[in-house]
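Participant: A single structure is presented below for examination.
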Amino acid sequence: MDLFDRLEDPIFLIDPDTLEILDYNHRCEVYFNLTDKELLKLEIVSFFTTEEEQENFRKDVRRSKRRYSPQKINVSWIINSENKHLEIQLCPLDLQDGNKVIQVLLKDVTEKV
């Protein structure tokens, strides 16, 4: 958990079926300028602007559930009124309690695009 909180990039843990945000590191609050209560009420697809993008992400999550290696996708999100280009890494994780989650690691590549 210490590594999770210390990483500079935003990381979410989401429910692979509902896409609800279950946990996140502190960087998410800073990057998205949202509070704990606001983040934990969201489904991660709410960051996408179109239904098509949301459905594509749902498909990516379903694919990542079946894989053991991380899957990378590139997306554009509007964050704090700015268009951001992100490289997202999806990785399924088995938790100690037996539950499964998807780790969503965000890398802002806006300046490289």
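The values are calculated or read from the model by the stated rules, or taken from the named source; none is laboratory data. Computed from a predicted structure; not experimentally measured. Backbone-built Cβ (ideal geometry, glycine too); neighbour counts: all protein chains shown. Remember, those area values only see protein heavy atoms, side chains included, never the ligands or the DNA or RNA. Shrake-Rupley method; radii C 1.70, N 1.55, O 1.52, S 1.80 Å.
Participant: Two-decimal Rg/Rh of the chain from alpha-carbon positions, Kirkwood Rh?
Facilitator: 0.93
Participant: State, as an integer percentage, the relative contact order of the chain based on alpha-carbon contacts under 8 Å between residues 6 or more apart.
Facilitator: Relative contact order of the chain: 25 percent.
Participant: With all protein chains present, how much of the accessible area of the chain (probe radius 1.4 Å) comes from carbon and sulfur, to the nearest whole percent?
Facilitator: Carbon and sulfur together cover 46 percent of it.
Participant: As I understand it, the dipole of the chain uses +1 on the Cβ of Lys and Arg and -1 on the Cβ of Asp and Glu, about the Cα centre. Which of 13, 56, 68 lies farthest toward its positive end?
Facilitator: Among 13, 56, 68, the one farthest towards the positive end of the dipole of the chain is 68.
Participant: Name the residue from 95, 85, 40 whose Cα lies farthest towards the positive end of the charge dipole of region 29-113, charges +1 on Cβ of Lys and Arg and -1 on Cβ of Asp and Glu.
Facilitator: Ranked along the dipole, the leading option is 95.
Participant: Residue 92: net charge of surrounding residues, Cβ under 13 Å, Lys/Arg +1, Asp/Glu -1, itself excluded?
Facilitator: Here the count lands on +2.
Participant: Send over a whole-number figure in Å² for the accessible area per residue of the chain, probe 1.4 Å.
Facilitator: 64 Å²
Participant: Additional query: For a test of understanding, tell me how many lysine pairs in the chain have Cα atoms under 18 Å apart, given they are 8 or more places apart or on different chains.
Facilitator: So the count works out to 8.
Participant: Could you tell me the extents of region 64-113's C-alpha atoms along the three principal axes, largest first, rounded to whole Å?
Facilitator: For region 64-113, the Cα spread along each principal axis is 38, 20, 13 Å.
Participant: In a Gaussian network model over the chain where Cα atoms closer than 10 Å are linked, find which of 59, 100, 37 has the largest mean-square fluctuation.
Facilitator: In the Gaussian network model the winner is 37.
Participant: Using the Cα centre of the chain as the reference point, and only Cβ charges (+1 on K/R, -1 on D/E), how large is the resulting charge dipole? Debye, rounded to the nearest 20.
Facilitator: Result for the chain is approximately 500 debye, rounded to the nearest 20.
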